[in-house]
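Below you'll find the structure, written out as structure tokens, and then a few comments.
The values are calculated or read from the model by the stated rules, or taken from the named source; none is laboratory data. Note that the structure is a prediction, hence the values are computed from the model and not measured. Here the Cβ is made from the backbone with ideal geometry for all residues, glycine too, and neighbour counts use every protein chain on show.
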Amino acid sequence: MNNNDQKNAGFPIDCLNRLFEKKRELENQNPSWQSYFLPVEELSEGLPIPFLGIMVLIWQLRPMDLQIIYPLDTVESRLEFIGWCVANGSREYVTLREDREWWNKLRSKATIEASSIDRPDAGNIYTWEMIFVERMRKDLKFDIKTIDGRNGFFVWFTTHGFKELNSVEWTPSNWQKKYLEKNSGYHSLTNYELIVYQSRQDVIDAFPLPGEYDNFIKWLSSVSESSSQRSIHTLEMSNEIDKDLFGVNVIGYAFGQLGIGEDARMATAALHCASVPVLMLNFAPGKNVGQNELSMRKFVEPDAKYNINMYCLTAIEHGRYFAENGSQAIAKGYNIGYWPWELNEWPDEWSHLLALVNEVWVSSRHTYDSIAPISSVPVLLMPMAVEIPKPSSKTRSDFGLPQDSCLFLFSFDMNSSIHRKNPSACIDAFLLAFPASAFTDEVGLVIKVQAGHKKNSVYQVLKSLQERDSRIFLIEETLEKPDLLALYKCCDAFVSLHRAEGFGRNIAEAMLLERPVIVTGYSGNLSFNSTDNSLIVKASIIPVKSGEYENSSGMIWAEPNIPHASKRMKQILTDKVGVGVLSKAGKNFIKLQHNPLAVGKRYRERLELIKSL
């Protein structure tokens with residue numbers, strides 16, 4: 001194994017991808033999700049227990065903690081991570097509890113030096129599961145180098161450990177029973193009974209032998225019975241999906257106040273409009289995301305019931321859903337990944353995630369061109385539905401905005417990539433178009449920021465700029481959708497000088513409100529933005545710099561031309577008739593091509609074909 005590769009942070013993921021590539025070559029088809037339960041050979045070398053693919057996926061999901069604590073670059077690090085999976089991860093991730101074969105190996109006899117004296121020694125029946133748990137639970141302070149320490153840990157593990165770990169029900173194997181049931185030669189106690197008795201001073205004090213033998217056995221029986229009642233090691237589903245019940249379970253951020261949450265809600269609306277049976281399964285996004293978008297709550301149900309699953313998530317979040325919720329739904333349905341992506345190539349780090357789906361849907365030609373060349377499953381271009389509720393009655397005064405100024409609006413989420421959304425370009429273009437020395441209250445730039453910004457350096461820059469230039473307005477509060485749309489309507493133009501977009505929903509929503517849009521002429525928004533309905537800004541192609549965007553090594557995006565963007569802004573003031581024609585055309589295009597019924601019919605046509613397979 002190459003040491004340089006070992007030090008590479010991407011090495012474990014490369015190993016996982018190679019596992020899937022080998023599986024694909026052997027079977028001449030896309031590997032299925034079951035491949036996550038196969039051992040990753042390079043990572044399993046030198047270990048007593050296989051290192052499974054699902055462990056790499058979970059590790060990949062946690063760059064801020066697991067990847068730092070367990071770099072997986074040494075045998076010791078991988079042993080520690082397996083210990084975390086056994087003692088902690090199995091409580092968080094259902095998939096870690098599903099592989100019976102792996103758990104059986106964990107329950108096999110471990111190599112440990114046990115005492116050869118006549119006194120019973122639990123070290124003779126230690127399993128690898130016990131070894132891994134003991135490694136992780138430093139708080140227990142059992143010294144398993146001693147017979148008392150081994151026996152003490154064994155008693156804790158079999159009477160209390162499973163409750164604390166929420167682990168798999170412990171039942172001794174035949175080889176363990178043979179040792180535990182053997183007569184110890186001490187007051188008719190078996191080895192198991194004597195191990196428990198001698199490891200607990202409180203038990204010795206409560207049940208002095210031989211007089212309290214019967215009471216001790218009754219106590220031990222009650223403790224053993226209560227400690228073996230908990231079991232989560234099951235593959236049975238809590239709800240049965242009828243493979244013949246046609247319909248779609250849409251999985252996504254049903255209540256999430258963010259763009260990809262709206263993607264899931266709009267997919268549900270489109271399916272409903274086309275008379276496709278549909279429900280939503282809510283999947284919680286990050287802690288910094290608001291959960292108050294309740295417009296589709298009537299569709300949300302606790303369990304899947306239809307035979308098609310549609311995952312309106314990023315590919316890596318789809319992986320998180322699988323890891324946390326298990327293989328139950330994916331095993332019983334046809335799986336569609338309705339995945340967004342903004343850059344020109346699909347990340348190598350996400351290649352293995354194709355095993356989770358039967359096909360991929362994408363919302364723009366830009367995303368299609370990134371994933372189709374490398375995909376081992378069908379990729380279909382499916383438009384997004386765009387529909388908006390009625391804006392609220394709020395006016396400029398409600399938002400603290402001037403009544404007579406021409407206002408340009410830029411809206412973005414601080415939880416998104418600052419480099420991709422590129423707010424500085426909007427500011428630079430505005431200041432170039434309307435220098436403070438020549439323009440005072442005739443114009444204004446409204447910047448709507450969403451959540452998570454207080455500790456963000458870009459926020460501090462925006463705040464400082466607002467304090468220096470009275471024409472710049474920073475709106476920080478979280479707005480309900482009708483209020484946000486009212487803000488859009490209050491402004492004279494919507495600006496998005498992004499470097500890349502997968503689709504660009506906020507642009508399309510502004511167009512539905514008949515707002516003129518000034519947008520970068522690159523990426524997914526060109527699925528609906530054109531010179532016939534938008535003010536397109538020229539851009540040059542540049543490489544994505546290291547650290548600017550996740551999984552973007554060797555990729556490119558656009559740099560909008562600031563002078564050209566400033567001319568587009570001036571055009572809002574100088575060519576109101578021409579701009580009005582573009583705005584009306586934009587609204588008509590979105591209404592015609594992206595209304596839920598039209599989109600839903602496209603969905604239904606494909607789903608009917610899937611149904612017939």
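Summary of computed values
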read-out	value
Residue within the stretch 533-541 that is in contact (Cβ under 8 Å) with a residue 40 or more places away in the chain and charged (D, E, K, R) present	no
Single unsatisfied condition, Pro120 versus (1) within 19 Å of Ser44 (Cα to Cα); (2) in contact with a strand residue (DSSP E or B) (Cβ under 7 Å, 6 or more places away or on another chain)	(1)
Strands (runs of 3 or more DSSP E) wholly inside the stretch 351-437 that include at least 3 residues being among the aliphatic types (A, V, I, L, M)	379-381
Of all residues making up the stretch 546-576, the number that are closer than 28 Å to Pro516 by Cα, surrounded by fewer than 20 Cβ atoms within 10 Å (Cβ to Cβ), in contact (Cβ under 8 Å) with a residue 60 or more places away in the chain and in contact with a strand residue (DSSP E or B) (Cβ under 8 Å, 6 or more places away or on another chain)	3
Any hit, the stretch 464-472, residues being under 27 Å from Thr314 (Cβ atoms), in the same structural domain as Pro560 (by TED's automatic domain parsing) and either at pLDDT below 95 or of a type outside the set (A, V, I, L, M) (or both)	no
The stretch 468-515, subset surrounded by fewer than 21 Cβ atoms within 10 Å (Cβ to Cβ) and among the polar types (S, T, N, Q), residue farthest from Gly290 (Cα to Cα)	Ser470
Gly524 being in the same structural domain as Glu442 (by TED's automatic domain parsing), in contact with a Phe, Trp or Tyr (Cβ under 6 Å, 6 or more places away or on another chain) and under 18 Å from Ser363 (Cα atoms)	yes
Some residue of the stretch 344-358 being buried (at least 24 other Cβ atoms within 10 Å of the Cβ) and more than 30 Å from Leu245 (Cα to Cα)	yes
Selection from the stretch 195-212 of residues that are surrounded by 21 or more Cβ atoms within 10 Å (Cβ to Cβ) and over 16 Å from Ser222 (Cα atoms)	Ile195, Ser199
Residue that is modelled with pLDDT under 95 and acidic (Asp, Glu), where the choices are Asp369, Asp413	Asp413
Pick from the stretch 267-294, criterion touching a helix residue (DSSP H, G or I) at 6+ places or on another chain (Cβ under 7 Å) and either among the aromatic types (Phe, Trp, Tyr) or touching a residue at least 60 places away in the same chain (Cβ under 8 Å) (or both), ranking: surrounded by the most Cβ atoms within 10 Å (Cβ to Cβ)	Ala270
Which listed residue, of Ser417, Ser411, is surrounded by 16 or more Cβ atoms within 10 Å (Cβ to Cβ), under 36 Å from the mean Cα position of the chain (by Cα), under 18 Å from Ala565 (Cα atoms) and polar (S, T, N, Q)	Ser411
Residue within the stretch 429-440 that is more than 22 Å from Asn529 (Cα to Cα), aliphatic (A, V, I, L, M), touching a helix residue (DSSP H, G or I) at 6+ places or on another chain (Cβ under 9 Å) and buried (at least 21 other Cβ atoms within 10 Å of the Cβ) present	yes
Selection count where residues are in contact with a Ser or Thr (Cβ under 6 Å, 6 or more places away or on another chain) and either closer than 18 Å to Leu258 by Cα or of a type in the set (Asp, Glu) (or both), scope the stretch 403-440	0
Count of the stretch 491-520 residues which are in contact with a strand residue (DSSP E or B) (Cβ under 7 Å, 6 or more places away or on another chain) and among the aromatic types (Phe, Trp, Tyr)	1
Unique residue being touching a residue at least 40 places away in the same chain (Cβ under 8 Å), under 19 Å from Tyr36 (Cβ atoms), out of contact with any strand residue (DSSP E or B) (no Cβ under 6 Å at 6 or more places or on another chain) and assigned by TED's automatic domain parsing to the domain that holds Gly252 when the list is Asp348, Asp303	Asp348
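The rows are residues; the columns are (1) under 27 Å from Phe528 (Cβ atoms); (2) modelled with pLDDT under 95; (3) charged (D, E, K, R); (4) not assigned by TED's automatic domain parsing to the domain that holds Ser527.
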| site | (1), (2), (3), (4) |
| --- | --- |
| Val278 | yes, no, no, yes |
| Leu281 | no, no, no, yes |
| Ser295 | yes, yes, no, yes |
| Cys312 | yes, no, no, yes |
| Ile316 | yes, no, no, yes |
| Glu324 | no, no, yes, yes |
| Trp339 | yes, no, no, yes |
| Val360 | yes, no, no, yes |
| Ser376 | no, yes, no, yes |
